[in-house]
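Student: Take a look at the following structure, please.
Just so you know, all these numbers are worked out from the coordinates, no wet-lab data involved. Since the structure is predicted, the reported quantities are computational estimates derived from the model, not experimental observations. With ideal geometry, Cβ positions are generated from the backbone for all residues, glycine too; neighbour counts draw on all protein chains shown.
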Amino acid sequence: MIKIAIAHTSKAIQSSITQILSQNAFCELIWTAEDLEEIQFKFFNDPPDFLILDVDLITLEAPQLIQLLLKKHLCHILLITSDMAANANKIFDSLGQGAAEVICTKNENLDKDTHFVDQFLFKLNKILRLEGKDAFVKAKPRRDFFSSKRPQHHPLIVIGASTGGPLAISQIISNFPPHVNFTVVIIQHLDAAFIPNLISWLSGYSKIPVKEALSGTRLEPGVIYLAAKEKHLVINKAKKFEYINLKTPNVYAPSIDVFFESLAENWIEPEVAVLLTGMGSDGAVGLKKLFDHSWYTIVQNQESCVVYGMPKIAVNLGAAHEILPIKEIGPRILNLLGY
């Protein structure tokens with residue numbers, strides 16, 4: 001029997017998660033709590049195997065809450081938040097302290113939100129599998145991403161990369177055959193002055209044209225586009241490229257997060273997003289947003305990364321459907337698209 005506790009400021013969310021868990025005979029909800037004092041008292045006296053923890057309970061009064069709890073008793077902590085971007089610092093810090101996963105909510109009726117239920121059970125099961133245990137909850141079967149009929153359109157592949165990115169990108173695009181019907185957009189952290197050279201270099205590995213993404217142009221099928229200015233590239237509501245000046249905590253321009261978040265807002269169809277090797281965390285939060293908008297997400301594995309920074313954060317956020325070595329990412333994209 002898996003012992004689970006819920007610590008959340010919202011009684012409605014406590015009730016919704018309780019309802020989800022009640023459908024499983026192999027777990028036991030041992031307690032709920034809604035403030036710091038109650039959490040610590042119950043955790044220390046009746047420690048759970050899993051703690052579902054509201055990020056809003058990590059306050060200035062208890063910034064090291066995760067560390068404090070885990071020092072007393074090792075358990076799996078699943079963070080829950082309604083605003084991934086606003087709470088990014090708290091989330092990254094908590095993951096660094098030992099929290100296992102994070103999940104985002106859109107409303108309080110979580111047991112009625114089939115996407116949330118699927119992701120919630122998927123994350124709990126993933127944590128158990130990492131421990132070498134059998135899944136205790138049976139999530140709904142996950143359909144192959146492009147198995148259902150979709151409106152006729154040209155698929156979109158988006159790729160974010162930083163340190164070690166050019167070589168990784170070349171290994172992906174070298175798999176793509178000529179005359180494809182999909183579009184590729186790449187955000188690579190690099191001084192804009194070097195982008196023309198990168199376009200020329202990548203063209204030597206690609207059977208389809210590699211071009212600069214120009215502001216005001218629409219995405220064409222059968223083309224690989226690279227962000228090419230020291231501004232943030234976005235897809236606007238007209239589904240055209242646009243470069244914008246935007247003050248963000250991210251030191252990179254163009255930012256992978258900014259581009260991915262523009263897609264989550266303005267691109268209706270779920271597509272395929274890939275996050276590759278790189279230092280820092282750029283792209284992780286944006287990838288999670290795309291994941292939550294039903295995009296299929298792939299992250300490069302640690303062994304094939306030059307720097308396992310951005311991919312590691314994405315994995316910790318639960319933003320990856322698959323974690324693959326670089327040599328398998330290109331073939332997997334083609335497989336998803338039916339090539």
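Student: Taking the Cα centre of each part, how many Å lie between segment 298-330 and segment 31-53?
Tutor: With segment 298-330 and segment 31-53 each reduced to a Cα centre, they are spaced 33 Å.
Student: Okay, next question. What angle, in degrees between 0 and 90 and rounded to the nearest 10, separates the Cα long axis of helix 114-130 from the longest principal axis of the Cα atoms of the chain?
Tutor: The helix 114-130 is inclined about 80 degrees to the chain.
Student: At what distance in angstrom do the alpha carbon centres of segment 256-272 and segment 149-223 lie from each other?
Tutor: So the two Cα centres are separated by 16 Å.
Student: Still on this structure, please answer the following. What list of ³J(HN,Hα) couplings, whole Hz, do you get for segment 43-55 from phi and the Karplus terms 6.51, -1.76, 1.60, once you set θ to phi - 60° and write x for glycine and proline?
Tutor: 5, 6, 8, 8, x, x, 7, 10, 10, 9, 10, 5, 4
Student: In bins 10 Å wide, starting from 0, what share of all Cα pairs of segment 156-337 does each bin hold, as a percent?
Tutor: 11, 43, 40, 6
Student: Relative contact order for the chain: what is it in percent, counting Cα pairs under 8 Å that are at least 6 residues apart?
Tutor: Across the chain, relative contact order equals 13 percent.
Student: Determine which residues of segment 65-79 fall in the zone a paramagnetic label at residue 3 would reach in this model, i.e. backbone nitrogen under 16 Å from the point 7 Å along Cα→Cβ.
Tutor: 69-77
Student: Over 21 Å between Cα atoms, which of 90/312; 240/288; 229/327; 11/312; 231/327 qualify?
Tutor: Check vs 21 Å cut-off fails for 240/288; 229/327; 11/312; 231/327.
Student: Quick one: what are the phi-derived ³J(HN,Hα) couplings along segment 226-234, Karplus 6.51/-1.76/1.60 with θ = phi - 60°, whole Hz, x for glycine and proline?
Tutor: 10, 4, 10, 10, 8, 10, 7, 8, 9
Student: Write down the percent of antiparallel bridges among all DSSP beta bridges whose residues are both part of the chain, to the nearest 5.
Tutor: So the antiparallel bridges amount to about 10 percent of the total.
Student: Also: So if I place +1 on the C-beta of Lys and Arg and -1 on the C-beta of Asp and Glu, and nothing else carries charge, what would the dipole magnitude of segment 1-63 be about its Cα centre? I want it in debye, nearest 20.
Tutor: Charge dipole of segment 1-63: 260 debye, to the nearest 20.
Student: Calculate how steeply helix 88-97 sits against the longest principal axis of the alpha-carbon atoms of the chain, using the helix alpha-carbon long axis, and give the answer as 0 to 90 degrees to the nearest 10.
Tutor: The answer is roughly 60 degrees.
Student: Report the dimensions of the chain along its three principal axes from the alpha-carbon atoms, largest first, rounded to Å.
Tutor: 63, 41, 37 Å, listed from the longest principal axis down.
Student: When the chain is treated as a GNM, springs tying every alpha-carbon pair under 10 Å, which of 180, 274, 285 comes out with the largest mean-square fluctuation?
Tutor: Looking only at 180, 274, 285, the biggest GNM fluctuation is shown by 180.
Student: Nearest 10 degrees, 0 to 90: what angle lies between the long axis of helix 256-266 and the longest principal axis of the chain (Cα atoms)?
Tutor: Taking Cα atoms only, the helix is inclined about 90 degrees.
Student: 5 Å is the cut-off here: which amide hydrogens, built 1.01 Å from N in the peptide plane, fall below it relative to residue 31, excluding neighbours closer than 5 in sequence?
Tutor: Residues meeting the amide H criterion: 6.
Student: Counting Lys and Arg as +1 and Asp and Glu as -1, what is the net charge of the other residues whose Cβ lies under 14 Å from the Cβ of residue 215? Before the final figure, lay out each step's value.
Tutor: Values: positive: 211, 218, 229, 231, 239, 240; negative: 212, 230, 242.
Neighbourhood net charge equals +3.
Student: Give the order of 310, 84, 1, 279 when sorted by the count of other beta carbons within 10 angstrom, beginning with the fewest.
Tutor: 1, 279, 84, 310
Student: Once the dipole of the chain is set up with Lys and Arg at +1 and Asp and Glu at -1 on Cβ about the Cα centre, which of 92, 50, 189 lies farthest towards its positive end?
Tutor: Farthest towards the positive end: 189.
Student: Lys and Arg at +1, Asp and Glu at -1: add these up for the other residues within a Cβ distance under 15 Å of residue 301 and post the number.
Tutor: So the surrounding residues net to 0.
Student: Let me ask something else. For residue 35 and residue 214, what is the calculated FRET efficiency with R₀ set at 56 Å and r taken between the beta-carbons, to the nearest 0.05?
Tutor: That pair, residue 35 with residue 214, gives E of 0.60.
Student: Residue by residue, what Karplus-based ³J(HN,Hα) values in Hz, rounded to whole numbers, does segment 307-324 have, using 6.51, -1.76 and 1.60 with θ = phi - 60° and x for Gly and Pro?
Tutor: For segment 307-324, the Karplus-derived couplings read 10, 8, x, 4, x, 4, 5, 4, 5, 5, 7, x, 9, 10, 6, 9, 10, 10 Hz, x marking Gly and Pro.
Student: Excluding residue 10 itself, what net charge comes from residues whose Cβ is under 11 Å from its Cβ, given Lys and Arg +1 and Asp and Glu -1?
Tutor: -3
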